[in-house]
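Before any comments, here is the structure.
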Amino acid sequence: MIIEVEEIVLKFTNYYKSLNYSILDDDSIITDDPTLLFINSTIARVKEEIQVGENLDSTAIVQQCFRNNMTDYMMFTMLGVASLATEANRVMKDWINFIKEVGNIPEDNLFAVIHSQDGMLIDLWKKTISRPYYTLDQNTDKYTVRWKYGECYDFYGVGMSLAYIHPNRPKCNDSCDFFCDCDRHLALGNFIIINNPIINKQYIDIGFGVERLLSYKNGIDYFNFESNKKNLLGVISLGLNKEDAKYILSFMKGIKKLVEEGIVPGNKKQGYILKSLIKKIVINIAKYNKSSLFDDITKVLVMQDPSYKLYINDIQCYLQKYYNNYKKNIDSAKKFLKVNSGMGSTELMYILQDRFGVPYNIVMDADNTITYK
Ligand SMILES: [Zn+2]
């Protein structure tokens, strides 16, 4: 059976409640923190306490996170634990047990990646679990061992990446190891010791994504999850290709979250992000030349996921507005092309993008009509 995100979140809070941790339930992604546009980690919830050196109960944290640089994981659910570093032994042990017992990842598939200078973490790992660890001297694309927390904060983090060996992926070649770029070895989450040198205090911060935890069973494609798969099939059945459908659904999820948080499209901060997501979706749908798709896609979403219901009118209205603008821009671009047909194609592409918002993946036929690749 495929386990869904909500199920793991519930098991996570129950698990940590039973161990007498405090619980911080999921909260808004909007923040006052000037260094962040959105909450995009669990630690963001307790940064102020750590900055001023407050004592912190061992706390399990659930937080939906928004990252604007990804498609599949634009919205994802992060689970975390924050505590004083004096609790490090217990917190590490409880976390590894959670990964094994609730995450269903066998101990034999786990390993750690630790900075070569972090002897204390290496000792902690060896005390907790009889599994190998590998060392690095700096962060890599795959594993993080050092953290910074933004300009306004005095503390920094040293820590380890917990990772697993995927059961269904054989070595991609003879030298395939934890370092390899393939998906056999995947980072699962981080255990970080936060040092605040100003007040000479240390904290623990654990963070891991639910989707990544579930990928051990479900595969790394986010659209393998049951609810996402249904959405995907629904949108594909409207005539969209799979890649476009995935792209649109990821962005739609981000749009819904922002609308739900009361953001309106605009030219500043969060409003600008919302506006750019809407534009991306409009351009993607427009190339199918079927304006009914806007309604049809939103209908699929409401049918598969009733939580869209409250926001769908706003979303449709925004999409329609930007679609109308986009059509006007395309018409203006066509007129521009007619009178400037002598211009070099690189320069033309640039002007079309810059002045009319026509995307680069558009091609112009010999008679200067605009089509899509
Ligand atoms: Zn490999």
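Any read-out appearing in this document is the output of simple, stated calculations on the displayed coordinates, not a laboratory observation. Just so it is clear, the structure is predicted and the values come from calculations on it, not from any experiment. Virtual Cβ from ideal backbone geometry, glycine too; neighbours counted across all protein chains shown.
Numbers below:
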| read-out | value |
| --- | --- |
| Estimated vicinal HN-Hα couplings, Hz - the range 108-123 in sequence order (Karplus 6.51, -1.76, 1.60; Gly, Pro = x) | 5, 9, 8, 8, 10, 10, 10, 5, 4, 8, 8, x, 5, 6, 4, 4 |
| Relative contact order (%) - criterion: Cα under 8 Å, at least six apart; region: the chain | 13 percent |
| Sequence-distant residues sharing a close amide H with Tyr134 (under 5 Å, placed H) | Ala112, Val113, Ile114 |
| Calculated FRET efficiency for the pair Lys142/Asn173, C-beta based, R₀ 25 Å, to 0.05 | 0.90 |
| Sparse-neighbour loop sites [chymotrypsin sites (Phe, Trp or Tyr not before Pro); the range 233-319; at most 16 other C-beta within 10 Å; DSSP] | Tyr288 |
| Computed over the range 226-328: relative contact order in percent, which uses C-alpha pairs under 8 Å that are six or more apart | 29 percent |
| Cleavage-rule hits, chymotrypsin sites (Phe, Trp or Tyr not before Pro), the range 1-66, DSSP coil, Cβ neighbours within 10 Å at most 11 | none |
| Sparsely packed GluC sites (Glu not before Pro) within the range 190-297, loop by DSSP, other Cβ within 10 Å at most 13 | none |
| For the range 226-328, diffusion coefficient by Stokes-Einstein and Kirkwood Rh (Cα), 20 °C, 1.002 mPa s, µm²/s | 158 µm²/s |
| Pairs beyond 28 Å (Cα-Cα), from Lys11/Lys268; Lys242/Lys321; Lys11/Lys269 | Lys11/Lys268; Lys11/Lys269 |
| Area projected by the alpha carbon convex hull of the chain, averaged over all directions, nm² | 21.8 nm² |
| Exceeding the 32 Å Cα-Cα cut-off - candidates Lys256/Lys335; Lys290/Lys338; Lys229/Lys335; Lys126/Lys246; Lys230/Lys334; Lys17/Lys217 | Lys256/Lys335; Lys229/Lys335; Lys126/Lys246; Lys230/Lys334 |
